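Data first, discussion second: the structure below is written as structure tokens.
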Amino acid sequence: MNAVPPPTTRADRTFLAAPNRIGITIDCPEPASAAAFWERFLGYQRRPHAEGSTYVTVDCPEHVAGPPHLTFQQVAEPKTGKARAHLDLFVDHARPLTQQMLAAGAQQVSVTDAGEWTTRVLTDPAGNEFCVIGPD
């Protein structure tokens, strides 16, 4: 693959098209179920969508920190390997949130203790990895 060379001067950057916003789309077998899981734990709000759509989007309210929205896209093929990108949720108390997520259908993959904080790798009910990072 040929890489695009980076701009060499500040003036070169003015010719690059920049996106208006960036969203994250997550493949899953059941978008409505995935959206419901993440709505609950992120505090996002479901965007109205067309009946029969293969996409469900949840938007970040103004008072919540995070990406502007997450879109869940229905795909027929099952997840077969580790994701190259994932969500990191930084929290003040990891254990209570993790326990709630597990009760809602998440699965724990691993726990790494790093002294002042712990990283818990989980999968959502659709099998997508994410991390809960913070002290217990």
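The values are calculated or read from the model by the stated rules, or taken from the named source; none is laboratory data. A quick note: this is a predicted structure, and the numbers were derived from the prediction, not measured. Positions of Cβ are generated from backbone atoms using ideal geometry, with glycine treated the same way; all protein chains shown enter the neighbour counts.
Data for the structure
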read-out: Filter pass, residue 65 being assigned to a loop (DSSP other than H, G, I, E, B), small (Gly, Ala, Ser) and in the same structural domain as residue 33 (by TED's automatic domain parsing); value: yes
read-out: Positions within the stretch 109-136 being in a strand (DSSP E or B) and under 22 Å from residue 32 (Cα atoms), in sequence order; value: 122, 123, 129, 130, 131
read-out: Selected residue (only one of 49, 69, 63 is modelled with pLDDT under 95 and within 17 Å of the chain's Cα centre (by Cα)); value: 69
read-out: Residue that is nearest to residue 130 (Cα to Cα) [pool: residues in the stretch 77-119 that are exposed (fewer than 11 other Cβ atoms within 10 Å of the Cβ) and of a type in the set (Gly, Ala, Ser)]; value: 85
read-out: Any chance residue 122 is modelled with pLDDT of 95 or more and surrounded by 12 or more Cβ atoms within 10 Å (Cβ to Cβ); value: yes
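One line per residue, one yes/no per condition, for (1) touching a strand residue (DSSP E or B) at 6+ places or on another chain (Cβ under 9 Å); (2) free of Cβ contacts under 8 Å to residues at least 24 places away in the same chain:
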| position | (1), (2) |
| --- | --- |
| 62 | no, yes |
| 69 | yes, no |
| 72 | yes, no |
| 77 | yes, yes |
| 88 | yes, no |
| 97 | yes, no |
| 106 | yes, no |
| 109 | yes, yes |
| 112 | yes, yes |
